[in-house]
Amino acid sequence: MDAWHLSKRLAAVADFVPDGARMADIGSDHAYLPANLLLNKHISFAIAGEVAPGPLANVETEIQRHRLSDVLMPRLANGLAAIKTNDLIDTVVIAGMGGRLICQILTDGELDNFRYHRLVLQPNIDTDLVRAWLAENSYHLVDEAVVADDGHYYEILVAEPGNVTYSLQELKFGPYNLTEPSPAWLEKWQREVVRIRHIMSKLESAGQTESDAYQEYGKEVQTIMEAIAYASM
């Protein structure tokens, strides 16, 4: 992967960045995403934020390689502290981190009554926590996607300012995924059912069908199957 050839995961994230955006990529990792969008004239300006000097050096190398120093700014900072008011950033991307960390970054960067025009978030785990944070902090989802890449499934959340309340099912599986399920979303959850049932079969063999763990796994399978059935209606 490089700035000209993004992974399927990052290419899917890029698709949700608006044309002409002024973007901040937090935890940029070589700045492949903002560099790609700038090289393709898709955005007008970007910040690549990193929390450690080593990764920031990778960002600086990529900027120099593609001669993007006028439009792509490397910043050593913790989370959204990489963004300055005069940057006029309207779109924030946080991709490839755990959901809890994404929530912490968003919480630490909260400014009174200020909302970015768009957040594009790609948590590796705990996606439900990110959906909950958005709803609790006056952002609502405008789109979602699930991408299969190199044997893994990645969820992408796209949010804009607005108030909304989600059900527990929507928080776990995604309101857009439930109404317009993609093949990748269905495959992700079908594989999860297979994985859990495999664990349950081992517990059955060990005579643990009355254990709390077995009961919880059974409830999880039921929850997933109900969501798949709802999405398939």
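Leaving out ligands and nucleic acids, and using a 1.4 Å probe, what accessible area per residue does the chain come to in Å²?
Per residue, the chain has an accessible area of 51 Å².
Ellipticity at 222 nm from helices only: DSSP H runs of n ≥ 4 in the chain, each -39500 (n - 2.57), divided by the residue count, give -13500 deg cm²/dmol.
Would you please classify the overall shape of the stretch 1-41 from the alpha carbon gyration tensor, given that a ≥ b ≥ c denote the square roots of the eigenvalues, rounded means a/c under 1.5, and beyond that prolate means a/b larger than b/c while oblate covers the rest? Taking the square roots of the gyration eigenvalues as a ≥ b ≥ c, the stretch 1-41 is rounded. Scanning the chain for GluC sites (Glu not before Pro) that sit in a DSSP loop and have at most 15 other Cβ atoms within 10 Å, the longest stretch containing none of them is 1-109. Here the Gaussian network model covers the chain, with springs between Cα atoms less than 10 Å apart; of SER44, SER201, SER69, SER201 fluctuates the most. Given the options ASP70, ASP29, ASP128, state which has the largest fluctuation in a GNM of the chain using a 10 Å cut-off (strictly under) for Cα springs. Looking only at ASP70, ASP29, ASP128, the biggest GNM fluctuation is shown by ASP70. Put a plus charge on the Cβ of each Lys and Arg, a minus charge on the Cβ of each Asp and Glu, and nothing anywhere else: the dipole of the chain about its Cα centre is then about 360 debye. For the stretch 142-205 versus the stretch 77-138, the spacing of their alpha-carbon centroids is 20 Å. Here the gap between VAL194 and MET233, fully extended at 0.36 nm per residue and compared with their Cα-Cα distance, gives a gain of 11.9 nm.
Longest stretch of the chain clear of exposed loop sites (chymotrypsin sites (Phe, Trp or Tyr not before Pro), DSSP loop, at most 13 other Cβ atoms within 10 Å, sites excluded): 115-233.
A full extension of the chain between ASP90 and GLN169 corresponds to an added length of 25.4 nm, given 0.36 nm per residue minus the alpha carbon distance. Springs between alpha-carbon pairs under 10 angstrom, Gaussian network model over the chain: which of LYS219, LYS172, LYS188 fluctuates most? Result for the chain, Cα springs under 10 Å: LYS219 fluctuates most.
If the limit is 27 Å between Cα atoms, which of LYS8/LYS84; LYS188/LYS219; LYS8/LYS41 go over it? From the list (LYS8/LYS84; LYS188/LYS219; LYS8/LYS41), the Cα-Cα distance tops 27 Å for LYS8/LYS84.
The values are calculated or read from the model by the stated rules, or taken from the named source; none is laboratory data. Quick caveat, the model's predicted, so the values are computed rather than measured. As a convention, Cβ positions derive from the backbone with ideal geometry for all residues, glycine included, and neighbour counts pool all protein chains shown. Side chains are part of the model used for accessible areas, which takes the heavy atoms of the whole protein and leaves out ligands, DNA and RNA. Shrake-Rupley method; radii C 1.70, N 1.55, O 1.52, S 1.80 Å.
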